[in-house]
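What follows draws every value from the coordinates through simple rules; no lab data is involved. On a predicted model such as this, the values are computed, not experimentally measured, just so you know. Cβ sites come from the backbone with ideal geometry, for glycine too, and all protein chains shown count toward neighbours.
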Amino acid sequence: MNIINMIENKQITEIRKQFPILQTNINKKPLVYLDNASTTQKPNSVINKISEYYKNYNSNIERGFHTLGSQSFEQVNKTRETVSKFINSQNSSQIIFTSGTTESINIVANGFANELNEEDIVILSELEHHSNIVPWINLCRNTNSKLEVIPILKSGELDFKFIHNIIKKRPKIIALTYASNVIGTINDIEQIIKIAHEYNIKVFIDAAQAVPHFAINVQKLDCDFLAFSSHKMYGPMGVGVLYCKEEILQNMKPLKFGGAMIEDVSFCDFKYREHPYKFEAGTMNISNIIAFNEAIEFINQIGFEVIEKYEKDLFEYLIQELQNISQIKIIGNPKNKVPLVSFIAKNMHPFDIGMMLNASGIAVRTGNHCAQPLMDKLNLSGTVRVSLSIYNTKEEIDFLVSTLKKILL
Amino acid sequence: MLKEKKDIDRIQNDIIEEFQIFENDMEETLEYLIELGNNLSILNTEYKIDQNKIKGCLSNVWLICKKEDGYLFFEADSDTKIIKGLISLLIKIFSGQTSQNILNSNLYFVEKIGLKNMISSKRISGYSNIVDKILNLAKSYKD
């Protein structure tokens with residue numbers, strides 16, 4: 001073991017100490033949490049911030065001119081600034097808070113409702129999660145527009161030949177995942193956006209699986225829309241982000257209507273406020289938005305340089321160890337992956353594997369991962385998915401692998 | 001009728017007692033369930049059709065019911081060994097009972113043998129769908 005590894009291990013031990021849940025037992029065994037693509041665990045800084053909010057400045061924002069209200073408002077804005085810097089957007093007003101990636105996608109799909117007709121095409125890929133499929137099917141149904149799907153190659157990567165061809169049909173929008181929640185494929189989004197923009201096609205990116213693992217720069221990507229969830233990046237539940245290009249925000253219609261999003265209301269008419277408020281009707285999840293700031297600070301403090309390197313090494317080790325188990329078949333083999341892997345076993349149903357691992361305190365995801373069309377394409381009814389995070393260790397992988405061997409061999 | 005209702009509870013109590021040996025050790029409990037599942041008589045492939053498939057389970061589960069002399073008899077299969085084991089327990093409880101008995105029954109054994117997971121994660125285990133299917137069959141076979 002070299003010095004870098006020793007420093008890293010020490011740092012990971014310190015990081016683990018910040019997550020109280022990682023010190024708990026499941027079925028009398030220490031928890032080994034390997035379902036990070038579903039949701040990550042939360043550090044003390046995030047948990048404490050929620051409680052601090054309710055103890056010290058719980059209040060609705062922009063409702064009354066009192067101290068508590070302005071404290072909350074300032075804190076919400078602080079998170080907006082932090083998110084804006086985190087993805088390098090031009091202005092923090094381009095950051096819309098939502099309830100999660102799903103709501104963000106619904107806002108965008110709804111924003112196209114008046115722009116599409118039966119001549120138009122919406123493009124998705126076979127790698128999409130249900131949340132980036134169903135809102136678009138609904139949009140196509142309502143507008144009689146067509147849905148086309150970019151197929152995947154055997155490796156689990158998108159078929160670029162198809163993309164080059166379909167783009168000539170001038171679809172209105174391409175909605176793509178940055179990273180697959182089933183296979184882990186990191187799509188070459190930058191390249192796709194470049195091609196799409198040559199034809200003046202808008203691109204929406206579902207970055208839910210990407211944000212906790214590597215830095216995202218929306219200006220460099222030049223994406224038109226980008227969405228992600230706080231809870232998959234060490235933050236609280238019920239908070240999501242939608243980033244949009246400035247000129248889109250000016251014209252896009254909101255999905256929700258109600259309080260806080262309007263400037264003037266009479267019983268005959270109303271006038272929207274400027275964005276982001278136009279898209280944030282009703283009382284938001286203020287406590288969790290405020291605590292979301294701490295989650296991003298947690299990532300920033302470690303830095304993506306460390307996160308990427310550590311997760312890459314750990315993931316390579318996981319794959320190498322899984323490949324040594326003869327009964328296991330890994331699904332897909334893309335070149336670039338976020339640290340998650342799906343597999344099946346020749347002699348056991350994924351559900352049974354998940355239950356048996358849980359009996360040993362190991363949490364993994366089993367099933368179709370909310371990606372039924374992808375499962376159908378791969379001719380699978382389900383898989384076991386192991387997804388890593390910054391706090392996972394080599395020892396945990398060793399325990400997973402030895403437990404799998406015990407179950408399967 | 002009261003006597004027969006007691007029977008269902010007695011079978012459940014026997015199961016609970018049978019599982020006590022594992023002292024809530026999940027690993028051993030599941031291994032035993034798998035063993036029970038392996039011992040379940042094989043469901044003829046002719047019955048493994050969509051009509052007998054239980055909807056809403058993430059795994060494939062088929063269940064059929066036959067009525068003989070006023071009593072219902074169940075046969076089932078699943079491609080997951082643990083669910084199959086759980087089904088074998090449900091069959092032990094319900095096979096040979098009357099429709100009315102089944103409809104009047106109150107299931108409590110799953111929680112008591114440490115498998116609360118199966119009930120709480122309904123969609124994943126499909127447990128409640130299996131029980132619903134049994135109850136619906138009992139209803140349809142009611143005189």
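Highest mean first, what order results for A:401-407, A:174-180, B:29-35 on Cβ atoms within 10 Å? Don't jump to the answer; show the numbers that get you there.
Values: A:401-407: 17.7, A:174-180: 26.9, B:29-35: 19.3.
Ranked from most to least packed, the peptides come out as A:174-180, B:29-35, A:401-407.
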- Query: Which one of A:Ile189, A:Pro254, B:Asn52 has its Cα pushed farthest toward the positive end of the charge dipole of the protein assembly as shown, where Lys and Arg give +1 and Asp and Glu give -1 at the Cβ?
  - Reply: B:Asn52
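Using DSSP H assignments, which helices in chain A have an axial alpha-carbon span of 20 Å or above and a mean Kyte-Doolittle hydropathy of -0.5 or higher?
Numbers: long enough: A:3-17 (22 Å, -0.41); A:67-86 (28 Å, -0.84); A:286-302 (25 Å, 0.85); A:304-323 (27 Å, -0.41); A:394-408 (21 Å, 0.25).
Those that clear 20 Å and a mean of -0.5 are A:3-17, A:286-302, A:304-323, A:394-408.
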- Query: Based on Cα positions only, what radius of gyration and what Dmax would you give for the range A:206-328, in angstroms?
  - Reply: 19.8, 70
- Using Cα centres only, tell me the gap between the range A:335-384 and the range B:23-49 in whole Å. 21
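From other protein chains only, count the Cβ atoms within 10 Å of every residue's Cβ in A:339-351, then give the mean.
Across the residues of A:339-351, the mean count of other-chain Cβ atoms within 10 Å is 2.
List B:Lys66, A:Lys346 from most exposed to least, where exposure is judged by having the fewest other Cβ atoms within 10 Å.
Working: B:Lys66 12, A:Lys346 9.
By the 10 Å Cβ count, ascending, the order reads A:Lys346, B:Lys66.
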- Measuring from label point to label point, each 7 Å out along Cα→Cβ, what is the A:Asn217 to A:Asn58 span in nm? 4.3
- Query: If you take all C-alpha pairs in the range A:48-300, what percent of them are over 34 Å apart?
  - Reply: 18
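Taking N as the number of residues in the range B:2-140, what is its Cα Rg relative to 2.2 N^0.38 Å? The partial results should precede the final answer.
Details: Rg = 14.3 Å, N = 139, 2.2 N^0.38 = 14.3 Å.
The reported ratio for this selection is 1.00.
Just need the relative contact order of the range A:48-300 here, percent rounded to a whole number, with Cα pairs under 8 Å and 6+ apart. Walk me through the numbers on the way to the answer.
Working: 463 pairs, mean separation 63.1, N = 253.
About 25 percent, as a whole number.
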- Highest first, please rank the peptides B:85-96, A:351-362, B:8-19 by the mean number of other Cβ atoms sitting within 10 Å of their residues. A:351-362, B:85-96, B:8-19
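Taking each residue in B:59-72, count the Cβ atoms of any other chain within 10 Å of its Cβ, then average. What number comes out? Please list the in-between numbers first.
On the way: counts 8, 2, 0, 0, 0, 0, 0, 0, 0, 0, 0, 0, 0, 0.
So the per-residue partner count for this stretch is 1.
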- Message: What FRET efficiency comes out for B:Lys116 versus B:Asn136 if R0 is 25 angstrom and r is the Cβ-Cβ distance? Round to the nearest 0.05.
- Response: 0.55
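Using R₀ = 60 Å, calculate the FRET efficiency as 1/(1 + (r/R₀)^6) where r is the Cβ-Cβ separation of A:Leu147 and B:Glu17; round to 0.05. Don't jump to the answer; show the numbers that get you there.
Details: r = 56 Å, r/R0 = 0.94.
That pair, A:Leu147 with B:Glu17, gives E of 0.60.
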- What nm distance separates the two modelled labels at A:Glu316 and A:Thr39, each placed 7 Å from Cα along Cα→Cβ? 3.3
- Message: Give the average, rounded to an integer, of partner chain Cβ atoms located within 10 angstrom of each Cβ in B:75-82.
- Response: 4
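Between B:Ile49 and A:Ile21, what's the calculated FRET efficiency when r is the beta-carbon distance and R0 is 51 Å? Round to 0.05. Don't jump to the answer; show the numbers that get you there.
On the way: r = 44 Å, r/R0 = 0.87.
Efficiency, from the Cβ-Cβ distance: 0.70.
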- Report the label-to-label distance for A:Ala260 and A:Lys335 in nanometres (one decimal), using points 7 Å from each Cα along the Cα→Cβ vector. 4.5
- Which three lengths, in whole Å and largest first, does the range A:327-371 cover when its Cα atoms are put on their principal axes? 33, 20, 19
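Sort largest first and round to whole Å: the equivalent ellipsoid semi-axes of the protein assembly as shown, each the square root of five times a Cα gyration tensor eigenvalue. Please report the intermediate quantities before stating the final value.
Values: eigenvalues 391, 163, 138 Å².
Over the Cα atoms of the protein assembly as shown, the semi-axes work out to 44, 29, 26 Å.
Output the peptides A:42-49, A:61-68 sorted from most to least packed, where packing is the average of other Cβ atoms within 10 Å over each peptide's residues.
Numbers: A:42-49: 20.0, A:61-68: 12.4.
Highest-to-lowest ranking by the protection proxy: A:42-49, A:61-68.
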- Plugging the Kirkwood radius over Cα pairs into Stokes-Einstein for the range A:22-99, at a temperature of 10 °C and a viscosity of 1.306 mPa s, what D comes out in µm²/s? 103
- Could you give me the percent of Cα pairs per 10 Å distance bin for the range A:184-255, shortest bin first, beginning at zero and ending with the bin that holds the maximum distance? 17, 48, 30, 4
- Exceeding the 21 Å Cα-Cα cut-off - candidates A:Lys154/A:Lys337; A:Lys312/A:Lys337; B:Lys53/B:Lys116; A:Lys232/A:Lys278: B:Lys53/B:Lys116; A:Lys232/A:Lys278
- Report, as a whole number in µm² per second, the diffusion coefficient that Stokes-Einstein gives for the range A:267-409 at 4 °C and 1.567 mPa s using the Kirkwood radius over alpha carbon pairs. 71
- Message: I'd like the distance between the alpha-carbon centres of the range B:62-84 and the range A:149-194, rounded to an integer number of Å.
- Response: 45
